[in-house]
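Colleague: One structure coming up, written as structure tokens, with questions to follow.
The values are calculated or read from the model by the stated rules, or taken from the named source; none is laboratory data. No experiment lies behind these values; they were computed from the predicted model shown. Note that we place each Cβ from the backbone using ideal geometry, even for glycine, and neighbour counts take in every protein chain shown. These area figures cover heavy atoms from the full protein model, side chains too; ligands, DNA and RNA do not enter into them. Shrake-Rupley method; radii C 1.70, N 1.55, O 1.52, S 1.80 Å.
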Amino acid sequence: MKRKSTGEYPPNWNEIAQAVKDAANWKCIRCGHRHDPETGYTLTVHHLDICPNHCAWYNLAALCQRCHLHVQGKVVMEQPYMFPHSRWFIPYVAAYYGVRAGVLSDTKDYYESLELIPIESVVANADEYIALGMLQS
């Protein structure tokens, strides 16, 4: 089944996209390529759950166009995974599972999510949050 994006981008989307790219040092978090449009590595921001108004940090991945197109059809946040997650994906899916399990705060706002769901804390507790997600599947 093909997934379709629903909803609308928030009014400050350009500012959020810039902040996500800045946080990734203008490199793709999946392949590590720098933003270089001339060679086909334009940095984009992908909504992992494909909902443009869900802008929590764990839903926004700075990906080059190549990785964005590769990931878009394959990453489904709500699906259970039977294999270990890719290294780049672990903080995102761990936070998603933590929110879904109710142990992390739920917000769709990028800046609020950085405060309520500190990335460092998610990384430190990723195994616990991923295990919670597997229990819910």
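Colleague: Among the residues of the range 35-74, what is the count of those that are of a type in the set (V, I, T) and either modelled with pLDDT of 95 or more or touching a Gly at 6+ places or on another chain (Cβ under 7 Å) (or both)?
Modeller: Residues flagged as of a type in the set (V, I, T) and either modelled with pLDDT of 95 or more or touching a Gly at 6+ places or on another chain (Cβ under 7 Å) (or both) within the range 35-74 amount to 3.
Colleague: Still on this structure, I have one more. If the requirement is being under 23 Å from G133 (Cα atoms), open to solvent by 40 Å² or more (accessible area, probe 1.4 Å) and in a helix (DSSP H, G or I), which of these qualifies: I29, I90? Let's see the steps before the verdict.
Modeller: On the way: I29 fails: in a helix (DSSP H, G or I).
Exactly one residue qualifies, and that residue is I90.
Colleague: Now a separate question. Determine whether N12 is surrounded by fewer than 13 Cβ atoms within 10 Å (Cβ to Cβ) and among the polar types (S, T, N, Q).
Modeller: Considered against the rule, which asks whether it is surrounded by fewer than 13 Cβ atoms within 10 Å (Cβ to Cβ) and among the polar types (S, T, N, Q), N12 comes out as no.
Colleague: Right, here's the next one. Considering only residues that are in a helix (DSSP H, G or I), open to solvent by 30 Å² or more (accessible area, probe 1.4 Å) and at pLDDT 95 or above, which ones fall in the range 97-127?
Modeller: Y111, E112, L114, E115, L116, I119, E120, S121, V123, A124
Colleague: Within the range 23-33, is even one residue modelled with pLDDT under 95 and not small (G, A, S)?
Modeller: No, there is no match, as no residue in the range 23-33 is modelled with pLDDT under 95 and not small (G, A, S).
Colleague: Of the residues A17, A62, A24, only one is of a type in the set (G, A, S) and within 10 Å of the chain's Cα centre (by Cα); which?
Modeller: Details: A17 fails: within 10 Å of the chain's Cα centre (by Cα); A24 fails: within 10 Å of the chain's Cα centre (by Cα).
Going through A17, A62, A24 in turn, the sole match is A62.
Colleague: Out of Y81, Y41, I need the residue that is among the aromatic types (F, W, Y), under 22 Å from I130 (Cα atoms) and surrounded by 14 or more Cβ atoms within 10 Å (Cβ to Cβ). Which one?
Modeller: The conditions single out Y81.
Colleague: What are the pairs, 6+ residues apart or on separate chains, where a residue within the range 72-96 that is of a type outside the set (A, V, I, L, M, F, W, C) has its Cβ under 6 Å from a residue that is modelled with pLDDT under 85?
Modeller: Cβ pairs passing all conditions: P80/S137; Y96/M77.
Colleague: Can you report the number of residues in the range 58-74 which are crowded, with 19+ Cβ neighbours inside 10 Å and out of contact with any Cys (no Cβ under 9 Å at 6 or more places or on another chain)?
Modeller: Within the range 58-74, residues that are crowded, with 19+ Cβ neighbours inside 10 Å and out of contact with any Cys (no Cβ under 9 Å at 6 or more places or on another chain) number 2.
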